[in-house]
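Notes follow the structure.
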Amino acid sequence: MSDFSLKIEELREDEEFLYIEKKDSAKTESTDKFTNSVKIIFYVLIGFALLEGIFYKFIRPSTGIPKVAVTGLISFTPDEIVDLLLPMNASNWFDFDVNTAVSIIAGIPAVDAVSVRKVFPDKIYIDIKERQGVAMTFLNTDGYSVAVQIDENGVLFPKQQETASVSLPIISGLPVEHLTEGMRIPLKYRALMRQISEISKMSQKYFAAISEICVIPKEYGNYELALIPAVSKIRVLTDRALNEDALKDMIIALDVVNLIEPDVFEIDLRYGSVSYRKH
């Protein structure tokens, strides 16, 4: 066979080889396209699953009625606080306005402080600090005498059932004729409330021996106090500085006077001395 024939045979073999290579390349390309399509479908399904999870976990709860948790309550119940917020018409978490809620709850005379916060997607947290009464007085409401409490800042608020067993001193003589619940007593009497609060925190329960504290107005806007003991009809006069020493002096003076002068109706502890008046 000539050299020319050999070259032709070699070329034919090469052509067949090239043809086979082309067929294998087309098959691989088709396989790659299928694989890529499967991957795309897989990622799309994963994306839909994630979107569905986000919707049911976050979006859907935020469009329903929010869940409210109330803490710090003493005399109120969580349902009572939630009922006060019903006029807001907050049908979902987005509609709930924090500032409006704070304004409504802070308007309750017995509430000293309130904080409200929203937590996505459907939580509302309300923390309330109620006022603590240190004394009691009476307001004239619609012709009736209504007992109210006074906190250490001089704010008047309704008497709660939980304070029925707590011994709070009754204060008379305060100028509260034109005051209503939620208002504060005049500035010059607020120091007396702070004094009573400090004495109430002592281990010795001094106010258990006092049934009433009478405020006696004096000239130039001043005032003095008259203490009415719980187990005696003797009135004890003292100055406006109510403290532990004044109460100790009252107890000692009552014990002494009851022993030696049974007809005494008033003891005067003012001006750093002790005197008394008889019938």
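The values are calculated or read from the model by the stated rules, or taken from the named source; none is laboratory data. As the structure is a prediction and not an experimental result, all values here were calculated from the model. Note: ideal-geometry Cβ built from the backbone for every residue, glycine included; neighbour counts use all protein chains shown.
Summary table
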| read-out | value |
| --- | --- |
| Residue in the stretch 240-249 that is farthest from Asn222 (Cα to Cα), counting only those that are among the hydrophobic types (A, V, I, L, M, F, W, C) and either at pLDDT 90 or above or assigned to a loop (DSSP other than H, G, I, E, B) (or both) | Leu247 |
| Asp127 exposed (fewer than 15 other Cβ atoms within 10 Å of the Cβ), modelled with pLDDT of 95 or more and not aromatic (Phe, Trp, Tyr) | yes |
| Some residue of the stretch 146-169 being of a type in the set (Phe, Trp, Tyr), crowded, with 17+ Cβ neighbours inside 10 Å and modelled with pLDDT of 90 or more | yes |
| Looking only at the stretch 86-117, and only at residues there that are of a type in the set (D, E, K, R) and over 13 Å from the mean Cα position of the chain (by Cα), the one that is modelled with the highest pLDDT | Asp97 |
| Some residue of the stretch 115-133 being outside any strand (DSSP E or B) and free of Cβ contacts under 8 Å to residues at least 12 places away in the same chain | no |
| Matching option when the condition is in contact (Cβ under 8 Å) with a residue 60 or more places away in the chain, closer than 21 Å to Leu139 by Cβ and either part of a strand (DSSP E or B) or touching a Phe, Trp or Tyr at 6+ places or on another chain (Cβ under 7 Å) (or both), among Ile171, Ile150, Ile213, Ile228 | Ile213 |
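Yes/no per residue for (1) under 20 Å from Phe207 (Cα atoms); (2) β-branched (Val, Ile, Thr); (3) surrounded by fewer than 17 Cβ atoms within 10 Å (Cβ to Cβ):
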{"position": "Ala226", "(1), (2), (3)": "yes, no, no"}
{"position": "Ala230", "(1), (2), (3)": "yes, no, yes"}
{"position": "Glu244", "(1), (2), (3)": "yes, no, yes"}
{"position": "Pro262", "(1), (2), (3)": "no, no, yes"}
{"position": "Arg270", "(1), (2), (3)": "yes, no, yes"}
